[in-house]
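Working notes, beginning with the structure itself.
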Amino acid sequence: MKVNQTIQNIHAPAAIAIADGIREMESQGKQIFKLQTGEPCFSTPEYIKKGMVKALESNQTRYTYSQGIPELRREICSSLNTKYGTEIAPSDIFITNGGVSAIHYAIQSVIEPGDEVIIFDPSWPQYANITSLCGGKPVNVSTRANLCIPDTGLLETNATPRTKMVVLNNPNNPTGTIIPGDTLNRMIKWAYERNIYLLFDEVYDHIVYSPGFVSALQLDNYPLYRDNIIYINSFSKTFCMTGWRLGYAIVPEPMKGNYLKLVQNSITHVSAPTQWAGVSALAEMEAHQDEYAAMLGVYNARRVEIMKLLQEKSWEYIHPDGSFYYFIKVPQNVNDFVTDLLNTHRIAVVPGIAYGKDFADYFRMSYAVDDVSYNGFVSWLKKY
Ligand code: PLP
């Protein structure tokens, strides 16, 4: 019997598919150095777990508002408004099952059949997949000639009258690059003049190693551009909560009705105890700054160590200022590099082709991994 062809035609995201393959290899007793996954190696901080336990003990186990509990939306507002000087209101915020569903609802809320979404490659594959699932047309634009940084010139050349949205992932997965603030300001002006939405995915906004990061919420004239800006964030990376599935979106006024209907008709709302854990995560974040600083310190020490090694060996890579990935060019004349790395050296990374057809000669490795995997990679690289 026939099934939906659009769904059948999209590929499973590579990092997820590889992780499933590795579980299979591990079940056969093989040890794998796992650098393919995009999640912090640290456990969720204890105070957040306690927040959930407290919620369970006080029977916060019933249906909540679809948009999310007011306490969580208030915490999010207060943290963003303090950080960026904005005036976001709890009514602007929608709580979702991780960043991925925040993105899905955002794209589905605005895209109609045939509408185009510009996605800068290398890109997290779900942007294009979700666009296709929503009946839109992903327009993948390579940033290879521009050191993997998007710019307005690329928008000019690739926009058509059907362009409805542009996705900006800042800091970036898989490259770790950060888009300069002046570029972002030019892009939002460009989008505003053409009635195009910019979707800002800032799930790595706390994992930044240099002072250059500018959030969508900090753009010049932000209040003027609010109706063009969709802001996505998540608790997954900042708070080491990948498995909890907690994220959120700030969406423009005209989109809110659609967005709410999508939440109501898919998940009803995010699990109540998880939302309460999110309240604790934010409310007590300040008191746990040292814990977060220590995590960032570990990521950064690894980032610096790998950079040094890559430079010593004259390997090409994209310079990362944020997130916890390296996007590295495969050494010349090495075919099937990623497959060989896994089969011969038991090191799992993600082939660059997963992030854009222009990047088949790259691979992505995460350094937010367990010590054994990290050390396995480093000693292989040293010997290479
Ligand atoms: N956006 C980017 C760029 C990501 O890398 C990820 C996860 O890897 C997400 C969004 C979604 O994360 P989550 O759904 O766990 O919040």
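The values are calculated or read from the model by the stated rules, or taken from the named source; none is laboratory data. The structure presented is a predicted model; accordingly, all values stated were derived computationally and were not measured. Cβ coordinates were reconstructed from backbone atoms using ideal geometry, including for glycine residues, and neighbour counts include every protein chain displayed. Side chains are part of the model used for accessible areas, which takes the heavy atoms of the whole protein and leaves out ligands, DNA and RNA. Shrake-Rupley method; radii C 1.70, N 1.55, O 1.52, S 1.80 Å.
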Selection status of GLN289, surrounded by fewer than 16 Cβ atoms within 10 Å (Cβ to Cβ), of a type in the set (S, T, N, Q) and not in a helix (DSSP H, G or I): no
All positions within the range 191-217 that are within 26 Å of ASN158 (Cα to Cα), outside any loop (DSSP other than H, G, I, E, B) and either at pLDDT below 95 or open to solvent by 10 Å² or more (accessible area, probe 1.4 Å) (or both): TYR192, GLU193, TYR197
Failed item, numbered, when ARG162 is tested on (1) open to solvent by 10 Å² or more (accessible area, probe 1.4 Å); (2) more than 16 Å from the ligand (Cβ to nearest atom); (3) without any contact (Cβ under 8 Å) to a residue 40 or more places away in the chain: (3)
Subset of the range 27-43 that is under 18 Å from the mean Cα position of the chain (by Cα) and not hydrophobic (A, V, I, L, M, F, W, C) - its residue that is surrounded by the most Cβ atoms within 10 Å (Cβ to Cβ): GLN36
Residue satisfying condition, being among the hydroxyl-bearing types (Ser, Thr, Tyr), farther than 26 Å from GLN108 by Cβ and open to solvent by 40 Å² or more (accessible area, probe 1.4 Å), within set THR157, THR183, THR152, THR175: THR157
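Could we say that GLU24 is away from the ligand (no atom under 16 Å from the Cβ), assigned by TED's automatic domain parsing to the domain that holds THR242 and open to solvent by 40 Å² or more (accessible area, probe 1.4 Å) here? Spell out the reasoning first.
Details: away from the ligand (no atom under 16 Å from the Cβ): yes; assigned by TED's automatic domain parsing to the domain that holds THR242: no; open to solvent by 40 Å² or more (accessible area, probe 1.4 Å): yes.
So GLU24 fails the test.
Restrict the check to the range 135-155 and report whether at least one residue is within 13 Å of the ligand (Cβ to nearest atom) and touching a residue at least 12 places away in the same chain (Cβ under 8 Å).
no
Here's the yes/no breakdown for (1) more than 24 Å from the chain's Cα centre (by Cα); (2) at pLDDT 95 or above; (3) within 18 Å of SER373 (Cβ to Cβ):
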{"residue": "ARG303", "(1), (2), (3)": "no, yes, yes"}
{"residue": "ILE306", "(1), (2), (3)": "no, yes, yes"}
{"residue": "LEU309", "(1), (2), (3)": "yes, yes, yes"}
{"residue": "GLU312", "(1), (2), (3)": "yes, yes, no"}
{"residue": "GLU316", "(1), (2), (3)": "no, yes, no"}
{"residue": "ASP321", "(1), (2), (3)": "no, yes, no"}
{"residue": "GLN332", "(1), (2), (3)": "yes, no, no"}
{"residue": "ASP340", "(1), (2), (3)": "yes, no, yes"}
{"residue": "ARG346", "(1), (2), (3)": "yes, no, yes"}
Odd one out for ILE93, checked against (1) within 16 Å of the ligand (Cβ to nearest atom); (2) outside the structural domain of ALA277 (by TED's automatic domain parsing): (2)
Test: VAL270 is assigned to a helix (DSSP H, G or I), assigned by TED's automatic domain parsing to the domain that holds GLY212 and among the β-branched types (Val, Ile, Thr): no
Test for ALA12: is it open to solvent by 20 Å² or more (accessible area, probe 1.4 Å), over 25 Å from TYR292 (Cα atoms) and assigned to a loop (DSSP other than H, G, I, E, B): yes
